[in-house]
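What follows is a set of notes on a single structure, which appears directly below.
The values are calculated or read from the model by the stated rules, or taken from the named source; none is laboratory data. Model, not experiment: these values are computed from the prediction. Methodologically, a virtual Cβ is constructed for each residue, glycine included, from the backbone with ideal geometry; neighbour enumeration extends over all protein chains shown.
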Amino acid sequence: MNEIWFLLQLIIQGLAIGSVYGLVALGFVLIYKASSVINFAQGELLMVGAYVCLALLTTFNVPFWAGFLLTLAFSVVLALTIERFVLRPMIGEPVISIIMITIGLSLVLKSFVSSIWGVQIKVFPAIFPQAPIKAGQIVVSQVYIYTFLASMVFLVVFALFFKYSRLGIAMRAAANSNQVALSMGISVKRVFAVSWCVAAVVSAVGGILIGNINGVNITLSAVGLKVFPAVILGGLDSVAGAVLGGLIIGILENLSGGYLDHFFGGGVKEVAPFVILVIILMIKPYGLFGTEEIERV
Amino acid sequence: MEHTQPTEQVTEPKEPILSLNNIEVIYDDVILVLKGMSLVVYEGQIVALLGANGAGKSTTLKAISGILKGEEGKVTDGSITFMGDRIDNTDPEGIVRRGIFQVMEGRRVFDDLNVDENLIAGAHTRNSRAEIKQDMEMVFEYFPRLTERRHTLAGYLSGGEQQMLAIGRALMARPKLMLLDEPSLGLAPLLVKEIFGIIQRINREEKTTILLVEQNARMALSIADYGYIMENGKIVLDDPVEKLRENEDVKEFYLGLSKVGEKKSYRDVKHYRRRKRWLS
């Protein structure tokens, strides 16, 4: 019986972290779908968001909600700057150049952050009630529940945005075909810019949520790497798939950590998503919901 | 090139809405596709632009709608005027806002958006939600078949329905001038007839001027007021359709009719065969 409670507890924690992965993956897929850019700096956007929010809360003593909104505003400005001055000049360049530029961007952001805030781990002031919740024999910190709810709220908001708003529909149209979207007067440049904004915003939210659980330091950017297994699992060009992929990776990561850590002496959690990544690439390279590209020779 | 519309035309005298004056289009900085192309469209007309594959018909439309730039092509010479304004350096968004909407070749609906969402995307440049809603009803009146498929993803529609959606989506922008690129492509003859009937209705009822590019010359000439024939990047012949339909060359090359028992030199025969390949 204890076993089942343990399992449930792992799943709940995994869902919470996974929902954040899903949120960040959404941003990643948006950029990919709109502009075919694989953004290797996604994790750094997340890290920057967490640091900016932390600085506002601790250094400038801004109340949480104001700090949170300011962080989102900062992310939007950062995204617009990056899109306008780094990526837009690259439109039409080979994929490899664009990948290299996002890797370069990630290094620049990391260096900025470590030169301003150093590399020490910093504790995020608690934004959610900390007391653990007991249900049956499950003991879960409330933080996980709130984290899950917070990312779900954002996911639902964005889902509604894409389903019903005219800009959302225009963005999906542009993702479907840039050229046709252009022919109906949809500004594709604007769509690129908005997808970067959304990506930066969801990343910042993700950074704040994870930072709140694990503390903030430079390795927070590694969450960006965990988004890869999530989006590959879901299918690189499926938003719903990315979110689901995030949830699954979160759960699998936590389960493998919970069950396998004492065999390997810890750290399984960090490796598991990438083992899963390799397995998916071998058996289902287009992911669960991705478009299979059919090439006829 | 100056084109004068004959006075005996049935429709009333009109304003030129679009004119292309000697335009030259170059792709990739080297490939010359349009070589001094000129064409005039008068308000309220249906103008057909006919010609063989690779003559430059689609390029002409893209030059007008401004999407040429995305394909490494540009207008290097000449001018395009729409309702008195030069538009040859306007971006596609500006062109749509001015009232020109291109229905691209091969239907090109947004596969993973449903019918309603495709229509909303078409109305991107408009502001009033109420008007958009009203115009959606108008589209469903023209294409009742789409009504029951409103929530179906466009990728699952049949070819004919997709073409209807592509035209309906164009209507959503309330264009003054609609550019249609091969609406008959890959459709069954009955469906082609239906769609051309609707194009004609749109022209009459919505007062939308239409510039139509077609391979199906017979169909195009049956609904058009004026026709241009294009070869190798320029216009070689233009006339009201009544005259075009009587033109021997047009009959032979474009309508698949030829005089019986007429002597031809070997060169003509070869020429004829070469041209014959694309006839429907």
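So that you can scan it fast, the table gives a plain yes or no per residue for (1) touching a strand residue (DSSP E or B) at 6+ places or on another chain (Cβ under 9 Å); (2) touching a residue at least 12 places away in the same chain (Cβ under 8 Å):
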{"position": "B:Val139", "(1), (2)": "no, yes"}
{"position": "B:Arg145", "(1), (2)": "no, yes"}
{"position": "B:Arg150", "(1), (2)": "yes, yes"}
{"position": "B:Leu153", "(1), (2)": "yes, yes"}
{"position": "B:Tyr156", "(1), (2)": "no, no"}
{"position": "B:Leu177", "(1), (2)": "yes, yes"}
{"position": "B:Asp181", "(1), (2)": "yes, yes"}
{"position": "B:Leu187", "(1), (2)": "no, yes"}
{"position": "B:Val192", "(1), (2)": "no, yes"}
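For the stretch A:5-52, a residue qualifies if it is in contact with a strand residue (DSSP E or B) (Cβ under 6 Å, 6 or more places away or on another chain) and under 14 Å from A:Glu253 (Cβ atoms), and exactly one does: A:Ile12. The conditions of being away from chain A (no Cβ under 14 Å) and part of a loop (DSSP other than H, G, I, E, B) are not met by B:Leu191. Checking the structure you have, find out if any residue of the stretch A:113-135 is surrounded by 12 or more Cβ atoms within 10 Å (Cβ to Cβ), under 26 Å from A:Val52 (Cα atoms) and touching an Asp or Glu at 6+ places or on another chain (Cβ under 7 Å). No, the stretch A:113-135 contains no residue that is surrounded by 12 or more Cβ atoms within 10 Å (Cβ to Cβ), under 26 Å from A:Val52 (Cα atoms) and touching an Asp or Glu at 6+ places or on another chain (Cβ under 7 Å).
Using the structure shown, decide if B:Gly36 is modelled with pLDDT under 95 and within 17 Å of B:Val236 (Cα to Cα). Yes, satisfied.
Just need a number here: residues in the stretch A:112-151 that are outside any loop (DSSP other than H, G, I, E, B) and more than 14 Å from A:Ile218 (Cα to Cα). Step through it out loud before you land on a result.
Of the residues in the stretch A:112-151, the ones outside any loop (DSSP other than H, G, I, E, B) are A:112-117, A:122, A:132-135, A:138-151.
Right, trim to more than 14 Å from A:Ile218 (Cα to Cα) and you get A:132-135, A:138-151.
Selection size over the stretch A:112-151: 18.
Could you list all residues from the stretch B:64-97 that are under 26 Å from B:Gln200 (Cα atoms), within 13 Å of chain A (Cβ to nearest Cβ) and in contact (Cβ under 8 Å) with a residue 40 or more places away in the chain? If the condition is that a residue be under 26 Å from B:Gln200 (Cα atoms), within 13 Å of chain A (Cβ to nearest Cβ) and in contact (Cβ under 8 Å) with a residue 40 or more places away in the chain, then B:Ile64, B:Ser65, B:Val96 are the ones that fit. Restricting attention to the stretch A:54-70, the residues that are over 28 Å from A:Ile248 (Cα atoms) and assigned to a helix (DSSP H, G or I) total 11.
Can you name the residue in the stretch A:166-183 that is polar (S, T, N, Q) and within 7 Å of chain B (Cβ to nearest Cβ) and, of all such residues, is surrounded by the most Cβ atoms within 10 Å (Cβ to Cβ)?
Among residues in the stretch A:166-183 that are polar (S, T, N, Q) and within 7 Å of chain B (Cβ to nearest Cβ), the one surrounded by the most Cβ atoms within 10 Å (Cβ to Cβ) is A:Ser183.
Condition first: over 22 Å from A:Leu155 (Cβ atoms), assigned to a helix (DSSP H, G or I) and more than 14 Å from the chain's Cα centre (by Cα). Can you find one or more residues in the stretch A:29-44 that meet it? For the stretch A:29-44, residues over 22 Å from A:Leu155 (Cβ atoms), assigned to a helix (DSSP H, G or I) and more than 14 Å from the chain's Cα centre (by Cα): absent. Could you please tell me which pairs satisfy a Cβ distance under 7 Å, a separation of 6+ or placement on different chains, a first residue in the stretch B:101-112 that is facing chain A (nearest Cβ under 7 Å), and a second residue that is hydroxyl-bearing (Ser, Thr, Tyr)? Filtered contacts from the stretch B:101-112: B:Gln102/A:Ser183; B:Gln102/B:Ser65; B:Met104/A:Ser183; B:Arg108/A:Ser177; B:Phe110/A:Ser177. Looking at B:Val103, B:Val115, just one residue is surrounded by 24 or more Cβ atoms within 10 Å (Cβ to Cβ) and in contact with a strand residue (DSSP E or B) (Cβ under 8 Å, 6 or more places away or on another chain), and that residue is B:Val103.
Only residues that are facing chain B (nearest Cβ under 7 Å), touching a residue at least 12 places away in the same chain (Cβ under 8 Å) and not aliphatic (A, V, I, L, M) were counted across the stretch A:184-204, and they come to 0.
Looking only at the stretch A:101-115, how many residues end up being of a type in the set (Val, Ile, Thr) and free of Cβ contacts under 8 Å to residues at least 24 places away in the same chain?
Residues meeting the conditions: 2.
Residues that are polar (S, T, N, Q) and at the interface with another protein chain (Cβ under 7 Å from one of its Cβ atoms) within the stretch B:113-131 comprise just one, B:Thr125. Report yes if A:Leu277 is closer than 29 Å to A:Lys110 by Cα, of a type in the set (A, V, I, L, M, F, W, C), in contact with a Phe, Trp or Tyr (Cβ under 7 Å, 6 or more places away or on another chain) and part of a loop (DSSP other than H, G, I, E, B), otherwise no. The answer is no for A:Leu277. Determine whether the stretch A:232-241 contains at least one residue that is facing another protein chain (nearest Cβ under 10 Å), within 21 Å of B:Asn114 (Cβ to Cβ) and surrounded by fewer than 24 Cβ atoms within 10 Å (Cβ to Cβ). Within the stretch A:232-241 (the criterion being facing another protein chain (nearest Cβ under 10 Å), within 21 Å of B:Asn114 (Cβ to Cβ) and surrounded by fewer than 24 Cβ atoms within 10 Å (Cβ to Cβ)), the answer is yes, since at least one residue qualifies.
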